[in-house]
Amino acid sequence: MRRVPLLACLCALSLAPVRAGGPSSSTGQLRGPSSPAAGSPIEQQGQERLVRLEQWVKAVARHAPGEDDDALREVAAWPNTALKLLWIDANVLTQMIRGVNANRFTVRPEGQRAGTQIRYSSTQTRRLRVLACAAGGALVQGECMAIGAGSELAPELRQLAVLVRTATLRGDDNYILRRGALLHADVAILAPRSMEAPGDVGRSSGGLERFRMEISDGQEVNLHQSAVHWEIARMLLDFVRPRGVDHADPGHDEMVRKWYRATAAWMQLREDHDRLHLDRARAIFPADPDILFLSACQHETYAGVPIQTAVRSAILPTGVTLDVGSERTELREAEGLFRRLLEIRSDHAEARLRYGRVLGSLGKHAEAAGELRRAVADLTDRQLLYYAELFLGSEEEALGNRDAARVAYEQAAEIAPMAQSPLLALSQLARRHADRRGALRAIERLFALSVMERTEHDDPWWWYYVVQGRDANDLLEAMEQPFLMERLQ
């Protein structure tokens with residue numbers, strides 16, 4: 001019995017996504033962490049916040065991407081209230097690294113149009129500038145020399161400044177941003193229990209709130225706050241400047257693209273979907289085939305029976321909603337995204353397979369059959385070919401093409417001889433045409449499969465909603481590889 005997460009939305013004075021156990025979705029405007037009304041200034045209090053920010057900078061530089069190391073465990077142990085404040089302070093630190101020289105700063109969370117002003121004391125502002133000198137690799141430059149930043153830093157941070165400066169001289173001045181995003185993604189991936197943040201569900205401070213609802217067999221089993229590690233990671237990458245560019249432009253940075261592709265694939269492989277994650281990915285990379293594909297798959301998953309059943313049966317606190325549309329709404333979203341992808345890459349056979357299934361689910365059986373026939377001709381992966389034959393049989397049957405349907409189902413059964421689905425489909429096809437003998441033959445074939453030897457892996461249908469993420473681990477490893485060296489020891 002699997003638990004699947006769903007992202008929900010906390011709708012009070014501000015809207016914030018809520019997450020549930022498997023596929024997830026989120027909508028609504030998000031207000032900045034610990035911020036009251038949008039646009040109002042906040043007097044930041046507590047020197048411990050900047051102590052934590054300094055600890056974070058060191059952890060980012062120490063962490064080996066892809067490893068469950070001490071740096072990861074340190075950040076994973078921080079409470080969500082501290083992470084929300086870190087979201088603000090890391091944002092401001094990044095603005096300072098990028099040259100913003102002010103006593104007041106503006107931060108704007110995802111989905112919020114208006115920014116929120118952040119104000120620090122003079123002592124805090126100076127400490128932030130000193131940290132920015134180290135994290136920006138600028139200790140020997142103008143203002144940092146003038147304020148004597150190097151003399152106020154521990155040896156470890158001076159060493160960090162050298163690493164950052166070295167990366168900058170090679171043409172990449174995003175050391176903290178890239179590694180920070182890798183660290184927070186690794187927390188979510190390698191320490192998933194740390195994503196559970198205790199709190200009162202349904203009570204919003206107007207801040208950066210996330211909730212996760214876990215479901216099993218279409219029923220809600222748990223609802224809890226979720227830590228904002230993904231939000232911190234996305235915020236950092238929004239500031240990335242590609243080589244040779246003097247302004248933030250993550251949409252033209254290959255590492256950012258790979259990060260979104262790999263992390264989104266991992267989410268779908270783990271049935272831990274986050275609509276906000278892919279919405280942001282599409283906003284940055286609107287024509288990227290991989291991002292479009294995963295986005296379309298996510299909507300197709302939301303239209304599936306497990307998620308739709310969970311949404312209908314969920315009992316949520318006042319103000320909390322699941323941002324999942326009706327079956328038809330989600331199918332239409334998937335249809336549009338798959339169509340757009342195929343306009344960009346007509347040779348994407350896996351997308352065409354899924355596009356055909358979505359069309360069939362929308363009742364467009366003739367179009368669906370045409371797309372699936374083309375997918376059958378183009379696919380070489382046997383698992384994907386199994387799906388294509390299975391779905392084609394259903395569409396041929398809907399069009400009244402009994403013989404063609406039977407052939408497609410038989411092809412699927414030949415590809416996966418231990419699978420139940422095509423044999424059940426053959427039996428039902430015969431039964432609907434009053435062929436009692438044919439229906440019994442198909443069922444006898446199913447019963448002949450050894451129950452002791454069969455597992456759920458024998459029928460690829462069990463994995464249809466996650467197979468699009470099958471290369472997630474390879475993608476993550478390839479994306480992380482360039483960052484394994486040149487870190488604090």
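The values are calculated or read from the model by the stated rules, or taken from the named source; none is laboratory data. Values in this document were obtained by computation on a predicted structure and should not be read as measured data. Ideal geometry is used to build each Cβ from the backbone, glycine not excepted, and the neighbour counts take in all protein chains shown. Surface accessibility is based on the protein's heavy atoms, side chains included, excluding ligands, DNA and RNA. Shrake-Rupley method; radii C 1.70, N 1.55, O 1.52, S 1.80 Å.
Pairs, please: C-beta under 7 Å, at least 6 apart or cross-chain, first residue without any contact (Cβ under 8 Å) to a residue 60 or more places away in the chain and under 16 Å from LEU359 (Cα atoms) and in the range 319-339, second in a helix (DSSP H, G or I) and charged (D, E, K, R)?
Going by the 7 Å Cβ cut-off, the qualifying pairs are ALA334/GLU300; PHE338/ARG354.
Among the residues of the range 267-281, are any part of a helix (DSSP H, G or I) and among the polar types (S, T, N, Q)? Break it down into steps so the answer makes sense when it comes.
At the first step, the residues of the range 267-281 found to be part of a helix (DSSP H, G or I) are 267-269, 275-281.
Subsequent filtering for residues that are among the polar types (S, T, N, Q) retains 268.
Yes: the range 267-281 contains one or more residues that are part of a helix (DSSP H, G or I) and among the polar types (S, T, N, Q).
Pick from ALA227, ALA233, ALA281: which is in contact with a strand residue (DSSP E or B) (Cβ under 7 Å, 6 or more places away or on another chain) and open to solvent by less than 30 Å² (accessible area, probe 1.4 Å)?
Within the list ALA227, ALA233, ALA281, the selection yields ALA227.
With the requirement that a residue be aliphatic (A, V, I, L, M) and closer than 17 Å to TYR464 by Cβ, what does the range 342-369 give you?
Passing the criteria: ALA349, ALA351, LEU353, VAL358, LEU359, ALA368.
Could you please let me know if GLU300 is at pLDDT 95 or above, in a helix (DSSP H, G or I) and either within 16 Å of the chain's Cα centre (by Cα) or crowded, with 20+ Cβ neighbours inside 10 Å (or both)?
In short, yes.
Does LEU390 satisfy the condition of being in contact with a Leu (Cβ under 7 Å, 6 or more places away or on another chain), outside any loop (DSSP other than H, G, I, E, B) and open to solvent by less than 60 Å² (accessible area, probe 1.4 Å)?
no
Given the structure, is ARG328 more than 23 Å from GLU231 (Cα to Cα) and open to solvent by 40 Å² or more (accessible area, probe 1.4 Å)?
yes
Kindly provide the set of residues from the range 203-222 that are touching a strand residue (DSSP E or B) at 6+ places or on another chain (Cβ under 8 Å), modelled with pLDDT under 75 and open to solvent by 20 Å² or more (accessible area, probe 1.4 Å), ordered by number.
Within the range 203-222, SER204, GLU220, VAL221, ASN222 qualify.
Working carefully through the options ARG178, ARG234, ARG241, find the one that is among the charged types (D, E, K, R), under 16 Å from ALA135 (Cα atoms), under 17 Å from the mean Cα position of the chain (by Cα) and at pLDDT 95 or above.
Within the list ARG178, ARG234, ARG241, the selection yields ARG178.
Please state which one of ALA413, ALA425, ALA405 is open to solvent by less than 70 Å² (accessible area, probe 1.4 Å), touching a Pro at 6+ places or on another chain (Cβ under 7 Å), of a type outside the set (Ser, Thr, Tyr) and in a helix (DSSP H, G or I).
Within the list ALA413, ALA425, ALA405, the selection yields ALA413.
Based on this model, can you work out whether GLN55 counts as at pLDDT 75 or above and over 24 Å from ARG280 (Cα atoms)? Outline the logic, then answer.
Details: at pLDDT 75 or above: yes; over 24 Å from ARG280 (Cα atoms): yes.
Answer is yes for this residue.
Kindly indicate whether any position in the range 27-43 is part of a loop (DSSP other than H, G, I, E, B), at pLDDT 50 or above, over 25 Å from ARG126 (Cα atoms) and open to solvent by less than 30 Å² (accessible area, probe 1.4 Å).
As a first pass, look at the range 27-43 and keep what is part of a loop (DSSP other than H, G, I, E, B): 27-41.
Checking which are at pLDDT 50 or above leaves us with none.
Within the range 27-43 (the criterion being part of a loop (DSSP other than H, G, I, E, B), at pLDDT 50 or above, over 25 Å from ARG126 (Cα atoms) and open to solvent by less than 30 Å² (accessible area, probe 1.4 Å)), the answer is no, since none of the residues qualifies.
Pairs please, first residue from the range 61-84 and of a type in the set (Asp, Glu), second anywhere and open to solvent by less than 20 Å² (accessible area, probe 1.4 Å) and in a helix (DSSP H, G or I), Cβ atoms under 6 Å, 6+ apart in sequence or on different chains.
GLU74/ALA59
List, please: which pairs have Cβ atoms under 7 Å, are six or more places apart or on different chains, and start with a residue in the range 396-417 that is farther than 16 Å from GLU367 by Cβ and end with one that is open to solvent by 60 Å² or more (accessible area, probe 1.4 Å) and outside any helix (DSSP H, G or I)?
Every condition considered, the pairs that remain are ARG402/HIS433.
Which residue out of ARG127, ARG119, ARG113, ARG108 is open to solvent by 10 Å² or more (accessible area, probe 1.4 Å) and in contact with a Leu (Cβ under 8 Å, 6 or more places away or on another chain)?
The conditions single out ARG127.
If the requirement is being modelled with pLDDT of 95 or more and either open to solvent by 20 Å² or more (accessible area, probe 1.4 Å) or within 32 Å of the chain's Cα centre (by Cα) (or both), which of these qualifies: GLU396, GLU371?
GLU371
Here are some conditions: (1) buried (at least 18 other Cβ atoms within 10 Å of the Cβ); (2) assigned to a loop (DSSP other than H, G, I, E, B). GLU486 meets all but one. Which one does it not meet?
Among (1) buried (at least 18 other Cβ atoms within 10 Å of the Cβ); (2) assigned to a loop (DSSP other than H, G, I, E, B), GLU486 violates only (1).
Yes/no matrix, rows are residues, columns are (1) open to solvent by less than 50 Å² (accessible area, probe 1.4 Å); (2) not basic (Lys, Arg):
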position	(1), (2)
GLN55	no, yes
LYS58	yes, no
ARG62	no, no
ASP69	yes, yes
GLU74	no, yes
THR81	no, yes
ASN91	yes, yes
GLN95	yes, yes
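How many residues, within the range 231-259, are assigned to a helix (DSSP H, G or I) and within 21 Å of LEU208 (Cα to Cα)?
Going through the range 231-259 one residue at a time, the tally reaches 7.
Please go through the range 250-263 and pick out each residue that is free of Cβ contacts under 8 Å to residues at least 40 places away in the same chain and open to solvent by 40 Å² or more (accessible area, probe 1.4 Å).
HIS252, GLU254, ARG257
Within the bounds of the range 351-358, is there any residue that is assigned to a helix (DSSP H, G or I), surrounded by fewer than 24 Cβ atoms within 10 Å (Cβ to Cβ), among the hydroxyl-bearing types (Ser, Thr, Tyr) and at pLDDT 95 or above?
no
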